[in-house]
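Below you'll find the structure, written out as C-alpha cells, and then a few comments.
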C-alpha cells in the first residue's frame, strides 16, 4: 500500500472578494476518496512599524469573525496574487496608519492556517516613518495606537493579542532586535 496522499480533483465552490472556497477530492493511502476543504488566498503583508522612540504602531479595528475589536500590526491583502509583498506592505502601512517609510526590511513569512488555507503573509519592519495621510477603505474604521515592545509581548501572553501575524511579527521582531528596538 502506498503511503502517499494525492489530490485527484479541485472543485471551486464559491469565489469571494478575499478568498475562494474549494472542495478537494483526496485519495488516501488506503484507497479511500475523501473531500477536504481548501481556501485559496491571494496573500498579504504586515508591517512592524517602529517610531523614532522605539514604540510600535498598532491598529485597533473591529473584526467580524471574532465580534470584537483587536489590536494588530498594520496589514492587508495583495491587490493581485503577483503583487510584490513589499509593495503591499508599503501601501497598507500608509493607508492604515497615515505613515510611510522608504526603509522596509523583510522580517519573516508565515502561513496562517496550513490545515485548510494557503494564505501567506510576509512581515516587514518599517523604520524612519514619515507622516503622510491615512487612506482607509470605505468600510474600515481604524484607530492607530503606539505601544512599547514589552507591553505588546505581555498582551500576547495575557491573550489580549491572538492574531497570528501580529503575534509572529512582534515576537520575531523582539527576537531579532531585542533591546536594539
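Structure data summary
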item	result
Candidate set from segment 32-52 (those that are loosely packed, with under 13 Cβ neighbours inside 10 Å and touching a residue at least 12 places away in the same chain (Cβ under 8 Å)); member that is nearest to residue 109 (Cα to Cα)	37
Output for segment 54-85, where each listed residue is assigned to a loop (DSSP other than H, G, I, E, B) and under 13 Å from the mean Cα position of the chain (by Cα)	73, 74, 78
Any pair with Cβ under 6 angstrom, 6 or more apart, that starts in segment 63-90 at a residue that is closer than 15 Å to residue 144 by Cα and ends at one that is surrounded by fewer than 17 Cβ atoms within 10 Å (Cβ to Cβ)	69/60; 69/62; 70/63; 71/60
Count - residues of segment 134-148 that are over 23 Å from residue 84 (Cβ atoms) and assigned to a loop (DSSP other than H, G, I, E, B)	4
Residues that are within 17 Å of residue 118 (Cβ to Cβ) and part of a loop (DSSP other than H, G, I, E, B), drawn from segment 23-53	42, 43
Subset of segment 86-133 [loosely packed, with under 14 Cβ neighbours inside 10 Å and part of a loop (DSSP other than H, G, I, E, B)]	102, 113, 114, 115, 116, 128, 133
Lone unmet requirement of (1) touching a strand residue (DSSP E or B) at 6+ places or on another chain (Cβ under 8 Å); (2) within 14 Å of residue 61 (Cα to Cα) for residue 172	(2)
Yes/no for residue 12 being buried (at least 19 other Cβ atoms within 10 Å of the Cβ) and at pLDDT 95 or above	no
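The values are calculated or read from the model by the stated rules, or taken from the named source; none is laboratory data. Predicted model, so just to flag it, every value in this text is computed and none were measured. Please note: Cβ atoms are built from the backbone with ideal geometry, for glycine as well, and neighbour counts cover all protein chains shown.
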